[in-house]
Amino acid sequence: MTRYIAMVLLMFIVISVGGKADASNENVRVYVDQQLLQMKKDVQVKQGTTYIPMRPVFQALGAGVKWDSASKSVSVVKDGHKVEIPVGRHHAYIDGKLFTLSTPSFIESQTTYVPLRFVSEALGAAVNWDPEAKLIRVVADAPESTLENTMSQSPSIASLWIGDSVDQVITRLGEPMATVGSAYSFEWLIYQVGDGHIHIGIEDKKVVAFYTNSHSLVRHLPFHASLTREDILAQASMPPVHTIAKKEQVFRYNGNREWNIFEGNGFYFTLFYDILRNNHVTAIQIIAKDVEMAQLSYFGKATEELRASYEEHMFHLIQATRLKEGKGALVWDDKIAITARKHSDDMAVNEYFSHTNLEGLSPFDRFDRDGIVFQSAGENLAMGQFHPIFAHQALMNSDGHRRNILAPTFERAGAGVAFRGDKPYYTINFYKPWK
């Protein structure tokens, strides 16, 4: 830490450019408001990104620049606005409000690099890069690049957003791998996009909800792998929602440090935290505000159709997590799913919650009873979560349950769901057949 205090800090700024190959840094010129900057350090282009010395640019923009060695962050101040960029993180703060960055800041050879385009546009400047002419232009006070516009960028998930049509979804992503019911009035279309998993909620042929565990699919929302619960909750401008008044009822929400609900512009979003990995944000659910306000229960209405949807949904969530973590895919097993469903039914009817049933049978006893011959096996239970997404995230925050979900030895799985009233009970059984 002390070496950062003692050293003369040379700060650089970064803007993205097209192409992936390195380019020559010779004769790259930088203009700020038509004024050619005389810089001691050359502009560099590496792996499709242009790096440009920070201090002369921001001094020309009339901004002050400060390095905070205690927090390892760079701050830029202009006209009463302040931009703070923590080094090595995919986020920054504009006047205390959290924003995600496509390019992280970093330190290399005692030099700090931060994203020029984000900082410049946050301060009301436009940045244009002409790779053929090797010319960078920074225009102060650009009318289309004000702080207000930067802070009001529209969010998107896989280039889609609430209100888009189902036809737009199909055009963008193709046919879904599955369609399941939800606790709400909409259906989930489930997609796998590379190693990213995405649900899109459709009601009346319009997008009304999203869920994803892939940070790369999300734009302009506080969802990035580098963000933690502490980062999120430190933002006074974005307090979590603990109650939602719906008609004459008040619904109370307590995520027990595993999730928080926030209100956006016309939507609510839930951030899920991985408490076994330093509370990093691991998934996000987004629900259109009018859809959430119409949901007058913590749970979905229990039906046989919803039971089947929850069982399939849980399996897809497990598969997506295994893929994200580099584990092999599981095979759905109808026989073990029946075993799981019978245990959920038994717990719901007899009002208990345990791996050992009231006859004293363990999961492995129940496997034997149902004629399932296995080399290795495991069982996960959950009860009372709002719906499968919340149940899955809760299981992932329990070390033993997480090991079952990600176990490389398991080959087959099945989920069984039952309801007591509308409250769901979940049983997931895993095993490797005896060969």
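The numbers here are math on the coordinates, done by the rules we state, and not lab data. Given the structure is predicted, the values throughout are model-derived calculations rather than measurements. Cβ placement follows ideal geometry from the backbone for every residue including glycine, while neighbour counts extend to all protein chains displayed.
Packing-based ranking of 369-375, 125-131 yields 125-131, 369-375, ordered from highest to lowest mean Cβ neighbour count within 10 Å.
Note on H81 and N350: with the Förster distance fixed at 60 Å, the Cβ-Cβ geometry gives a FRET efficiency of about 0.45. For the pair E325 and K423 in one chain, pulling the backbone fully straight at 0.36 nm per residue adds 32.3 nm over the alpha carbon distance. The rule of thumb for compact globular proteins, 2.2 N^0.38 Å, goes into the C-alpha radius of gyration of the stretch 147-294 1.04 times. Extending 7 Å from the Cα toward the beta-carbon at both S362 and Q34 defines two label points whose distance is 8.3 nm. Length, then width, then depth: along the principal axes, the Cα atoms of the stretch 249-320 run 38, 33, 21 Å.
Between K335 and E175, the simple spin-label model (points 7 angstrom out along Cα→Cβ) gives 3.1 nm. With K and R counted +1 and D and E -1, the other residues having a Cβ less than 12 Å from that of N357 yield a net charge of -2. Near T339: Cβ cut-off under 12 Å, other residues only, Lys/Arg at +1 and Asp/Glu at -1. The net charge is -2.
Using a cutoff of 8 angstrom between alpha carbon atoms and counting only pairs six or more residues apart, the relative contact order for the stretch 304-433 works out to 39 percent.
Give the Kirkwood hydrodynamic radius (Å, one decimal) of the stretch 304-433, defined as one over the mean of 1/r across all pairs of different Cα atoms.
14.4 Å
Listed by Cβ neighbour count within 10 Å, with the fewest neighbours leading, E263, E187, E175 appear as E175, E263, E187. Simple spin-label estimate for V241 and A294 gives 1.6 nm between the two label positions (7 Å along the Cα-to-Cβ direction from each Cα).
Net length available on complete extension from D68 to V250 is 61.1 nm, with 0.36 nm assigned per residue and the Cα-Cα distance removed.
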